Amino acid sequence: MLPTELLIHRYSGEEIIPKRLKLEATNVAIASELISLFRDVVGQTQGKLNRQLQELEGDTPDYRMKRGLAHLLKSAMCTFEIISPLEPQQLRERVFAFAANTLPSPQATPQTLNRLADSLSKELEREVFPDQIRAGLYADLAENRILTQFEEPTPEALLHRYNLSQVQGVFYKASHIILNVHRNDPGEYKLLFRYLKLFQLMTYIEGDADHGFTITIDGPASLFKVSTRYGLDIAKLIPAMLHVTKWNLKATLQTRDFYTNEPKLRHFSLKDDCGLVTHYPPGKPYDSMLEASFADRWDSLKSEWKLEREVDLIPIPGSVMIPDFRLVHPDGRTFLLEIVGYWRPEYLRKKFSQVRQSGCDNLILAISERLNLEKAGVKVQDTPAKIIWFKDKLAPKAVLAAIADSN
């Protein structure tokens, strides 16, 4: 996404209109030139990349647009790494220690680097050259990091990403969002709700899969203290929306008047025919690395129980619950598994309230021992589910044991 200073929009009454770039020859040429620049700098420093971007940017009036495109390439499609024989801080200590044993002089520097290169070659069991030491001394500075990988997009894909990022930036200061989704495939609803869960958004949900859902989302400007981080989480939802066929949303934005600096409400609306293109994969995301790790470990377990990711929506008042996994036995028995590893108190209270309202008698709740449930005001003993406690990783065998105890 784009930082606030690179967002470009205009006003039409109370409506805010973010800038979008047309896929025309001029814009495609600018995107192509930037992509070519990044491609040519692979293997070189971030400092050199920045200097070349400044030269390309020049003093043209469209510098913010070029800077925005470059930001997306750098932040989303580049990998910068520290290249050094040792961690730079350790390397500096070693160089300074060697240098302390000689009189400071221009002639002593090459001797110090040669001696340390010989020492490190023996220690690391690979050849280390003086030039590598010289380059690695301050390799941890941002400008000295090396561009090692560049996932080159097409010019059109970069322009689509830019347009999407400009729209996402509108939601940084949203105070209230109403999202209507209707007449969609059940799989699209599930994917949307998984993203809502993934980004830990504060929502109130009404409706069902047959008639559609109305989802009310509280924005960062509705909190007692505006949270930029939460605004970013809302913005992350927009690419997920583009996987849904029928939808529309209206957002209320808490902005300030340009002249008086007084608070001013503005509005923004978006719908399924907006023409934006998502870069999110259509697959079903895991809500955390914890869930992904559990699924991988289950695959290596020889068990009659089949682990399923696609779980039906469980409607509850004001929301829906989508358990993380379903366990299915060949004889027809099923259990639902929900993993609770997120620490935010309001999330914990909401999660346990959902469990109590779900009415599921086949639910297994796996809870991290690191969570301070008492501080969050959660009483586990009031939870009508089978409880499993875990530390860092949830063991599949612990889940199988819980199933066995339930029989």
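Quick look at the numbers
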item	result
Set 25, 70, 76: member being surrounded by 12 or more Cβ atoms within 10 Å (Cβ to Cβ), on the phi < 0 side of the Ramachandran plot and without any contact (Cβ under 8 Å) to a residue 60 or more places away in the chain	70
Selection status of residue 106, buried (at least 16 other Cβ atoms within 10 Å of the Cβ) and not in a helix (DSSP H, G or I)	no
Single residue of the range 228-247 satisfying the filter (under 22 Å from residue 213 (Cα atoms) and either in a strand (DSSP E or B) or basic (Lys, Arg) (or both)) that is nearest to the chain's Cα centre (by Cα)	236
Matching residues in the range 95-116 - criterion: being within 43 Å of the chain's Cα centre (by Cα), more than 24 Å from residue 47 (Cβ to Cβ) and touching a residue at least 12 places away in the same chain (Cβ under 8 Å)	116
Qualifying residue in the range 336-351 (condition: surrounded by 12 or more Cβ atoms within 10 Å (Cβ to Cβ) and either in the same structural domain as residue 212 (by TED's automatic domain parsing) or of a type in the set (Gly, Ala, Ser) (or both))	yes
Counted residues, the range 294-321 - those being under 14 Å from residue 394 (Cβ atoms) and in contact (Cβ under 8 Å) with a residue 60 or more places away in the chain	4
Condition check for residue 37: touching a residue at least 12 places away in the same chain (Cβ under 8 Å), buried (at least 17 other Cβ atoms within 10 Å of the Cβ) and either within 17 Å of residue 148 (Cβ to Cβ) or not aliphatic (A, V, I, L, M) (or both)	no
Wholly within the range 129-226, strands (runs of 3 or more DSSP E) carrying at least 3 residues that are in contact (Cβ under 8 Å) with a residue 60 or more places away in the chain, closer than 28 Å to residue 338 by Cβ and over 21 Å from the mean Cα position of the chain (by Cα)	174-181, 203-208
Unmet requirement for residue 250, which otherwise passes all of (1) farther than 29 Å from residue 154 by Cβ; (2) at pLDDT 90 or above; (3) within 23 Å of the chain's Cα centre (by Cα)	(3)
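Residue by residue, here is whether (1) without any contact (Cβ under 8 Å) to a residue 12 or more places away in the chain; (2) of a type outside the set (A, V, I, L, M); (3) surrounded by fewer than 19 Cβ atoms within 10 Å (Cβ to Cβ) holds:
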site	(1), (2), (3)
331	yes, yes, yes
334	no, yes, yes
363	no, no, no
366	no, no, no
374	yes, yes, yes
378	no, no, no
394	no, no, no
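The values are calculated or read from the model by the stated rules, or taken from the named source; none is laboratory data. Model, not experiment: these values are computed from the prediction. Note that we place each Cβ from the backbone using ideal geometry, even for glycine, and neighbour counts take in every protein chain shown.
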